[in-house]
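The values are calculated or read from the model by the stated rules, or taken from the named source; none is laboratory data. Predicted model, so just to flag it, every value in this text is computed and none were measured. Quick reminder, even Gly has a Cβ in these numbers, built from the backbone with ideal geometry, and neighbours come from all protein chains shown. Side chains included, ligands, DNA and RNA excluded: accessible areas come from the protein's heavy atoms. Shrake-Rupley method; radii C 1.70, N 1.55, O 1.52, S 1.80 Å.
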Amino acid sequence: MRLAIWSTTTPRENSAHPEMFRRQLEEVELAERIGIDQIWFFEHHLQPTAPVPSPNLLIAAASRTTRRIRFSSMVNILPFRHPLLVAEEAAMLDNLTDGRLDMGLGRGLRPPEFEAFGVDQQQSREMFLESFEIIRRVWADEKFVHRGKYWTVQKDAPLSPPLVQRPHPPFLVSAQSEESLRWAAQHDIPFAQIDSMIDQAKRDQALYREVQTAYGHAPVPRLYLMREIYVADSDARARAEAHPYLLQYWELWNRYTQFTRGGRLPDSYDFWRRQAPMLHAMSFDEIVGNNMVILGSGETVANAILELASQLDLMGLALIFKLGAMPYDMVERSMTAFGEDVVPRIRPVLDRDATANFAATTPALHFA
């Protein structure tokens, strides 16, 4: 099971944006030192609480000072950009990272962003699907002409630069609606879920596995579960220190609830029209009690992660260490404690379980 960090970006009080980005890049270096496998960067537009219009620029910058950790956009929002540009830029990142790129894709969620770009959000799924097929053909280095509903492409020259990873960088998508889950399973693409309840994740994983195997794919884990996290030297201190920043972070579900009540989320986002108000209504104790967030000492956090791993067939766990405008030093202390007190407790168990799962799902080879 892989460990990822979803690196959120919220400006701190009395801190300029150049320092914010510098600190974020330093956190990537720390993540590599403490044994994290992957870093994910999000994309948002005209949102002061999340000023990252290009996760790809952060990947390019972070690749210069790291050697092992993998990178992913979580996600590149496909309706906002021409798919040929998305494919070419990813190929360049594949080279800059020396093959450490996973390609995170999504159709977007925030209505104000669609309004800013003049894109009809109701058409986002169609746009996503058309863009995905174009990206695949560009990466396959085909020569083709595409005249679709949303984009036109005339590719009559080689992909330049060529990809490092073959046949292409791994895809990753955000999928929580049934339609998105079925699509991801058909293509055997790993899927991430943010703030999904355990029962929801179990149900969705079962649906994914059913479709995955029906399309001839091996029944291997594909779920990345996202969880907020804070590690301190005691459970009481972790709860007390994280409390105000977690509630500040959780306010994002209030924003989506307001979009829902204002009629700004279209029918194709029905899952989020139901999910956002449910999450927003949860109290701090309910959030913690339902294992929506992992708070505590190293031992408590390790046990919580192992419990999640026993309940779900996870490909990975994506951790959110930066809760709201949590001060940089608190984030660094929590990450360091995770590396020192949690990783040594969970790695042997997770690696052992992963080896056993691989053996169970890999056909035996017989030689004459």
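Conditions (1) at pLDDT 95 or above; (2) open to solvent by 10 Å² or more (accessible area, probe 1.4 Å); (3) touching a helix residue (DSSP H, G or I) at 6+ places or on another chain (Cβ under 7 Å), marked per residue:
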position	(1), (2), (3)
Pro55	yes, no, no
Ser73	yes, no, yes
Asn76	yes, no, yes
Leu85	yes, yes, no
Gly108	yes, yes, yes
Val119	yes, yes, yes
Phe128	yes, yes, yes
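I need the full set of residues from the range 59-71 which are open to solvent by less than 20 Å² (accessible area, probe 1.4 Å), free of Cβ contacts under 8 Å to residues at least 40 places away in the same chain and assigned to a helix (DSSP H, G or I), in order please. Of everything in the range 59-71, those that are open to solvent by less than 20 Å² (accessible area, probe 1.4 Å), free of Cβ contacts under 8 Å to residues at least 40 places away in the same chain and assigned to a helix (DSSP H, G or I) turn out to be Ala62, Ser63. Taking every residue in the range 1-20 that is in contact (Cβ under 8 Å) with a residue 24 or more places away in the chain and in a loop (DSSP other than H, G, I, E, B) and pairing it with any residue that is surrounded by 16 or more Cβ atoms within 10 Å (Cβ to Cβ) and among the aromatic types (Phe, Trp, Tyr), at least 6 positions away or on another chain, the pairs with Cβ-Cβ distances below 7 Å are Thr8/Phe42; Arg12/Tyr328.
Hey, any hits in the range 120-132 for a residue that's more than 13 Å from Leu84 (Cβ to Cβ) and part of a loop (DSSP other than H, G, I, E, B)? The answer is yes; a qualifying residue exists. Within the range 198-213, not a single residue is part of a loop (DSSP other than H, G, I, E, B) and open to solvent by 30 Å² or more (accessible area, probe 1.4 Å). So, Glu178, is that one of a type in the set (D, E, K, R), open to solvent by 50 Å² or more (accessible area, probe 1.4 Å), modelled with pLDDT of 95 or more and touching a helix residue (DSSP H, G or I) at 6+ places or on another chain (Cβ under 9 Å) or not? So Glu178 passes the test. For Arg23, the conditions (1) part of a loop (DSSP other than H, G, I, E, B); (2) open to solvent by 30 Å² or more (accessible area, probe 1.4 Å) are fulfilled apart from (1).
Restrict the check to the range 227-239 and report whether at least one residue is hydroxyl-bearing (Ser, Thr, Tyr), outside any helix (DSSP H, G or I) and out of contact with any Phe, Trp or Tyr (no Cβ under 7 Å at 6 or more places or on another chain).
There is at least one residue in the range 227-239 that is hydroxyl-bearing (Ser, Thr, Tyr), outside any helix (DSSP H, G or I) and out of contact with any Phe, Trp or Tyr (no Cβ under 7 Å at 6 or more places or on another chain).
Here Pro48 does not fit the description of being outside any loop (DSSP other than H, G, I, E, B) and free of Cβ contacts under 8 Å to residues at least 40 places away in the same chain.
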